[in-house]
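Trainee: For reference, the structure I am asking about is given below.
The values are calculated or read from the model by the stated rules, or taken from the named source; none is laboratory data. Every value quoted in this text rests on a predicted model; they were computed, and no experiment measured them. Don't worry about glycine lacking a Cβ; one is built from the backbone with ideal geometry, like all the others, and counts go over all protein chains shown. Only protein heavy atoms, including side chains, enter the accessible area calculation; ligands, DNA and RNA are left aside. Shrake-Rupley method; radii C 1.70, N 1.55, O 1.52, S 1.80 Å.
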Amino acid sequence: MMTRSQQGRTNRLARPSIAVAAAVAVTAGVVAAAPDAKTAAVAGPKLSLIAASKSVTLDSWKEEPGVYLDLGTYLTSEKGAFEFKVTRKSYKDPVVASQIIRNGKKTTTKVLPAGLVKDFSGLPGFMTVDVVDAAGKSVLKKTESFCPNNASGRVRPDAPANSKFPQSCPANPFTLGSVWGVENGWAANTYAGYYSAPVQLAAGTYTAKISVTKKYRDLFGIANKPQSVKVTVRERSWEQPEGGSGGAAAKVASSSPHAGHAGHQAAADPAPSGHAGHGAPARTDAPAAATTGAGATFNVGHGPYPPAPPALPWALKKQAAEKQAGKDAFGAQGFSAARVGDRAGQTDGSRQAPGAQPNAKRPTGKAAVPNVPKPDLRSLPAYGITVSDGYEDVPGKDYLAFSANVWNAGPAKLVVDGFRSPGKELMDAYQYFYDAKGKQVGYTPTGTMEWDPRPGHEHWHFTDFASYRLLKADKKETVRSGKEAFCLANTDAVDYTVKNANWHPSNTDLSTACGQENSISVREVLDVGSGDTYTQDLPGQSFDITNLPNGTYYIQVLANPENRLKETNHKNNSALRKVVLGGKKGARTVKVPAHHLVNAN
């Protein structure tokens, strides 16, 4: 049987780049010149492409061939935020992206050309990268997408201390709405991370020319000011001793060997984080040089997602490395930042958003369900659908595996506390309710929480949160998954355009969300706009299809199956995804038709 980690390395599903709140002051000499009169006349913020440094060093690893082309270039936004609202009415409708331009009390919406943006991962074809070798020969030409929510930092000291925009561009194929933005006075890394495959460059020196493509220069009034960066590619091995080439820099920025939920630790603060989370892959990344962002960041869901692409600006990592080596080469040039690492009010690309703190005591007073806003739980159609056998653990079995997401459309967050009575195995669970000012005004019993001791889980599950069922062609149940208990975490931004959506939810990382075996109480939260993805990739958590005949079936994802949770609408809790089973026992196949305009299996 493949572990979740092995399954994750096989699937290699992408995650978006993550924004960070580290304050990076970029020297004035780096910023590109102001646009000419033609581009300056275009409405909207002033955008510039900059390079944080004139040179970068990138590593090519023998064990994982290829170079991640993080060149340290950023898009800055001045005289206002570079802001977008991206939505689709339904899965039958195309994605529509609109730029939001704010000028004092006046707000203008500019709809981007139809078909330009097809999903929620960013602006496609935004950058061009041309690389020439030392002899001036062109060795690489490529385009890159750009997520405005990418790794970011301030470019001037009077800029807002924190960006109001979310920390990723969603990758879930069934995302419904997103918000993108580069905060006023901030800059976002143009590197596309895992959306961009590593490139093949031999060890040596190169020059890279980075430009914004003409269609986006014309659309947003960006000056045609390409940036030139010298690139040194060095070949290395994971087995290289820490004291070898790279020295302190290599030591500072090496990835944790446990890059699932436990591996998100700061480059300059390598203390281990919390326990590993729910089936997240322990993906071993190539150690990243201090001048690159190719290390792990945060937010692996309940399934086979690799860590997000770089979130820590390479210049900041280089500064941290040089400080550890006893020198601060950037201090005199104006680069400044707080000590990297996760703590109150600061995240830096090794981010683990802390889980909500549970109440210390059981609720007091009489239970009641007040007339206040409540959550609205909805299911997304299943995706990531595959078939597998039982491997050596359950020989002779066939399973249908899939990913499922239940999300909260609001307008209130779902808050569930568990309380443990001495000597009891189960916690008593309560749902909490809040008024418009955030004051707790009621609670009601809502079932139980149970400790799941299985490797890859090892946390408290809230029971009866969702149910997975395989329906026959007539939509009558034929198989039910045994998985109905869940640790709640905000793993996916499903729709950040709904009322009261929280663009910065807590408990985004499973190791912070669902307690430990000796916990006396646990608080689990599903915030407005966010969803919780589980990947059904283990026998026992998938559908056993060994004895099912070939034909058409429907995977049903059903939220709140027993209606124990109080919500605004119980009629939108079910989502169906059509599948067609084929093949023979031991070699079953599955075909997954498109779900309206979403063609993702």
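Trainee: Looking at region 373-401 only, could you name the residues that are open to solvent by 30 Å² or more (accessible area, probe 1.4 Å), in contact (Cβ under 8 Å) with a residue 60 or more places away in the chain and over 25 Å from Asp492 (Cα atoms)?
Mentor: Scanning region 373-401 gives Ser388, Asp389, Tyr391, Glu392, Asp393, Val394, Gly396, Lys397.
Trainee: When the residues of region 37-78 are filtered to those that are basic (Lys, Arg) and under 30 Å from Asn103 (Cβ atoms), which remaining residue is modelled with the highest pLDDT? Even if it seems obvious, please write down each step before you answer.
Mentor: Applying the first criterion (basic (Lys, Arg)) to region 37-78 yields 38, 46, 54, 62.
After this cut, where a residue has to be under 30 Å from Asn103 (Cβ atoms) as well, the list is 38, 46.
Working: Lys38: 43, Lys46: 96.
The qualifying residue modelled with the highest pLDDT is Lys46.
Trainee: Now for a separate question. Which of the residues spanning region 89-98 are touching a residue at least 24 places away in the same chain (Cβ under 8 Å), open to solvent by 40 Å² or more (accessible area, probe 1.4 Å) and out of contact with any His (no Cβ under 8 Å at 6 or more places or on another chain)?
Mentor: Scanning region 89-98 gives Asp93, Pro94.
Trainee: List pairs: first in region 572-601 and without any contact (Cβ under 8 Å) to a residue 40 or more places away in the chain, second open to solvent by less than 60 Å² (accessible area, probe 1.4 Å), Cβ under 6 Å, 6+ apart or cross-chain?
Mentor: Taking only residues 6 or more apart or on different chains, the pairs are Lys578/Tyr554; Lys578/Pro593; Val580/Thr552; Lys591/Val580.
Trainee: When Asn172 is evaluated against the numbered criteria (1) touching a strand residue (DSSP E or B) at 6+ places or on another chain (Cβ under 9 Å); (2) crowded, with 18+ Cβ neighbours inside 10 Å; (3) under 14 Å from Tyr74 (Cα atoms), which criterion, by number, is the only one it fails?
Mentor: (3)
Trainee: I've got another one for you. With respect to Thr546, determine if the residue is open to solvent by 50 Å² or more (accessible area, probe 1.4 Å) and modelled with pLDDT of 90 or more. Spell out how you get there, then give the answer.
Mentor: Details: open to solvent by 50 Å² or more (accessible area, probe 1.4 Å): no; modelled with pLDDT of 90 or more: yes.
For Thr546, the condition - open to solvent by 50 Å² or more (accessible area, probe 1.4 Å) and modelled with pLDDT of 90 or more - is not met.
Trainee: How many residues, within region 47-70, are out of contact with any helix residue (DSSP H, G or I) (no Cβ under 6 Å at 6 or more places or on another chain) and aliphatic (A, V, I, L, M)?
Mentor: Within region 47-70, residues that are out of contact with any helix residue (DSSP H, G or I) (no Cβ under 6 Å at 6 or more places or on another chain) and aliphatic (A, V, I, L, M) number 6.
Trainee: Evaluate the following for Lys209: is it open to solvent by 50 Å² or more (accessible area, probe 1.4 Å), over 15 Å from the mean Cα position of the chain (by Cα), over 30 Å from Val96 (Cα atoms) and at pLDDT 95 or above?
Mentor: On the way: open to solvent by 50 Å² or more (accessible area, probe 1.4 Å): yes; over 15 Å from the mean Cα position of the chain (by Cα): yes; over 30 Å from Val96 (Cα atoms): yes; at pLDDT 95 or above: yes.
Yes, satisfied.
Trainee: Step by step: first the residues of region 473-519, then only those that are under 21 Å from Thr446 (Cβ atoms) and assigned to a strand (DSSP E or B), then the one that is modelled with the highest pLDDT. Which residue is that?
Mentor: So, considering only residues that are under 21 Å from Thr446 (Cβ atoms) and assigned to a strand (DSSP E or B), the one modelled with the highest pLDDT is Phe486.
Trainee: Yes or no: Asn569 exposed (fewer than 14 other Cβ atoms within 10 Å of the Cβ), of a type in the set (S, T, N, Q) and under 30 Å from Ala429 (Cα atoms)? Before the answer, list the steps.
Mentor: Working: exposed (fewer than 14 other Cβ atoms within 10 Å of the Cβ): yes; of a type in the set (S, T, N, Q): yes; under 30 Å from Ala429 (Cα atoms): yes.
For Asn569, the condition - exposed (fewer than 14 other Cβ atoms within 10 Å of the Cβ), of a type in the set (S, T, N, Q) and under 30 Å from Ala429 (Cα atoms) - is met.
Trainee: Collect the residues in region 426-468 that are open to solvent by 40 Å² or more (accessible area, probe 1.4 Å), within 18 Å of Gly410 (Cβ to Cβ) and among the hydrophobic types (A, V, I, L, M, F, W, C), keeping them in residue-number order.
Mentor: Within region 426-468, Ala436, Val441 meet the criteria.
Condition check ((1) among the small types (Gly, Ala, Ser); (2) surrounded by 21 or more Cβ atoms within 10 Å (Cβ to Cβ)) across all residues:
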{"position": "Lys46", "(1), (2)": "no, no"}
{"position": "Glu63", "(1), (2)": "no, no"}
{"position": "Asp70", "(1), (2)": "no, yes"}
{"position": "Thr73", "(1), (2)": "no, yes"}
{"position": "Ala81", "(1), (2)": "yes, yes"}
{"position": "Thr87", "(1), (2)": "no, no"}
{"position": "Gly125", "(1), (2)": "yes, no"}
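Trainee: Mind checking whether some residue in region 525-541 is more than 26 Å from Val498 (Cβ to Cβ) and of a type in the set (Phe, Trp, Tyr)? Spell out the reasoning first.
Mentor: Of region 525-541, the ones more than 26 Å from Val498 (Cβ to Cβ) are 536-541.
Going one step further and asking which of them are of a type in the set (Phe, Trp, Tyr), we end up with none.
No, region 525-541 has no match at all.
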